[in-house]
Amino acid sequence: MSASVDIERARRLVGKAPRVVALTGAGISAESGVPTFRDAGGLWRNYRPEELATPQAFARDPRTAWEWYDWRRSVLAGCAPNPGHRALARFFLRRGAAGLVTQNVDGLHTRAAVEEAGEGPPEAALPIELHGAVGRDRCNRCETRFPAEPLGDALPRCDSCGGLRRPDVVLFGESLDGEVLARAYSLAERADLCLVVGTSAVVYPAAAVPLATLEAGGSLIEVNLEDTPLTRSATVALRGAAGEVLPALLD
Ligand code: BV8
Ligand code: ZN
């Protein structure tokens, strides 16, 4: 089917769906210059995901793990929300209903909501960040949060208890925050439509969020450059870059 027919079908689905939930992955930030996890030039090129983004890596070799996150933060410092992030922010601002769930830790959805809302965006336009935020640190011992700082010679320590700090993200093998996950599932179960954007849909439990919408009888629209395990469950699979497809789909 031609892309224009698909986009029209998808627009009709979005227009008539009272409740929409979106799940985004690294692909929505690719056009902002944020490396993805599994594409050719992806973040993992020198490491396997389970090797580096794990508690074991921080325990075994905190310096290397920290240097990788510090490098990712330096890359992020030069990135900005792209038209895909902004179209989603406008959509949820217009709908006035929460629905944006992201696997990304780059903070670009929040920045897009702030830019689109002008002042402090309402809760409805802010994302549920399933895997935390790389722009924050968390103390390994007392869980105090801190804004990220450039990595110095010494590993970052907690101001209150002296414990080692780590990026405030969910590493592989760590459980997600139960409340955050429950909020995402409850939105997905009640949604008439799930919009899945830029994810390879291989990491769980995040990849199960769209399944909750399908199991409750809702539809799925996928925006991706390639097929994923979710493609066969999609009512409409839009092949294209999120930064181009989302404004055409949502504005
Ligand atoms: C959990 C934060 C219970 C950190 C991330 C063995 C040992 C331990 C665990 C497991 C194991 N086997 C399985 C597991 C469970 C594991 C898992 O699912 N592993 C996968 C690899 C099989 N899950 C977990 O560990 C989770 N916790 O299960 O707890 C538990 C406890 C103990 C033991 C077992 C289970 C925690 C998972 C969270 C990990 N943290 N990120 C950090 O960022 O450093 S995951 C990370 O990868 C991202 O956050 C994201 O969620 C995930 C997937 O990446 P994507 O976002 O999908 O990106 P990807 O590059 O893969 O794909 C990009 C897509 O975009 C592509 O499809 C591409 O075509 C498309 N694209 C590219 N450009 C564009 C585009 N689309 C549109 N437009 C474009 N321009
Ligand atoms: Zn502490």
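The values are calculated or read from the model by the stated rules, or taken from the named source; none is laboratory data. If you're wondering where the values come from, they're calculated on a predicted model, not measured in any experiment. Glycine also receives a Cβ, built like all others from the backbone with ideal geometry; neighbour counts cover every protein chain displayed. The protein model used for the area step is the full one, side chains on, heavy atoms only, and it has no ligands, DNA or RNA in it. Shrake-Rupley method; radii C 1.70, N 1.55, O 1.52, S 1.80 Å.
Quick rundown of the values:
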| quantity | calculated |
| --- | --- |
| Residue that is most open to solvent (accessible area, probe 1.4 Å), among those in the stretch 100-124 that are farther than 24 Å from G33 by Cβ and in contact (Cβ under 8 Å) with a residue 24 or more places away in the chain | E123 |
| Some residue of the stretch 205-213 being surrounded by 19 or more Cβ atoms within 10 Å (Cβ to Cβ) and within 30 Å of R63 (Cα to Cα) | yes |
| Residue list for the stretch 100-159, filter: among the basic types (K, R), within 16 Å of ligand 2 (Cβ to nearest atom) and touching a helix residue (DSSP H, G or I) at 6+ places or on another chain (Cβ under 8 Å) | none |
| Condition met for P127 (crowded, with 19+ Cβ neighbours inside 10 Å, at pLDDT 95 or above and touching a Ser or Thr at 6+ places or on another chain (Cβ under 8 Å)) | yes |
| Matching residues in the stretch 194-204 - criterion: being among the β-branched types (V, I, T) and open to solvent by 10 Å² or more (accessible area, probe 1.4 Å) | T199, V202, V203 |
| Number of positions in the stretch 100-119 that are at negative phi and under 15 Å from the mean Cα position of the chain (by Cα) | 13 |
| The stretch 201-235: number of residues that are among the charged types (D, E, K, R) and not in a helix (DSSP H, G or I) | 3 |
| Yes/no for E174 being free of Cβ contacts under 8 Å to residues at least 12 places away in the same chain and within 16 Å of ligand 1 (Cβ to nearest atom) | no |
| A191 at positive phi and open to solvent by less than 30 Å² (accessible area, probe 1.4 Å) | no |
| Filter result for L151 (within 19 Å of the chain's Cα centre (by Cα), within 16 Å of ligand 1 (Cβ to nearest atom) and either among the hydrophobic types (A, V, I, L, M, F, W, C) or open to solvent by 80 Å² or more (accessible area, probe 1.4 Å) (or both)) | no |
| Residue under evaluation R90, criteria (1) closer than 26 Å to L181 by Cβ; (2) touching a residue at least 12 places away in the same chain (Cβ under 8 Å); (3) open to solvent by 10 Å² or more (accessible area, probe 1.4 Å), criterion not met | (1) |
| Any chance A97 is in contact with a Leu (Cβ under 7 Å, 6 or more places away or on another chain), touching a residue at least 60 places away in the same chain (Cβ under 8 Å) and within 26 Å of A241 (Cα to Cα) | no |
| Check on L238, open to solvent by less than 50 Å² (accessible area, probe 1.4 Å), touching an Asp or Glu at 6+ places or on another chain (Cβ under 7 Å) and of a type in the set (A, V, I, L, M) | yes |
| Tabulated pairs, the stretch 188-201, first closer than 11 Å to T102 by Cα and hydroxyl-bearing (S, T, Y), second modelled with pLDDT of 95 or more and open to solvent by less than 10 Å² (accessible area, probe 1.4 Å), C-beta under 7 angstrom, 6+ apart or interchain | T199/L23; T199/T24; T199/G25 |
| Residue satisfying all of: in the stretch 130-148; in contact with a Leu (Cβ under 8 Å, 6 or more places away or on another chain) and within 16 Å of ligand 1 (Cβ to nearest atom); most open to solvent (accessible area, probe 1.4 Å) among these | N140 |
| Residue among L171, L181 that alone is closer than 18 Å to V209 by Cα and open to solvent by less than 40 Å² (accessible area, probe 1.4 Å) | L181 |
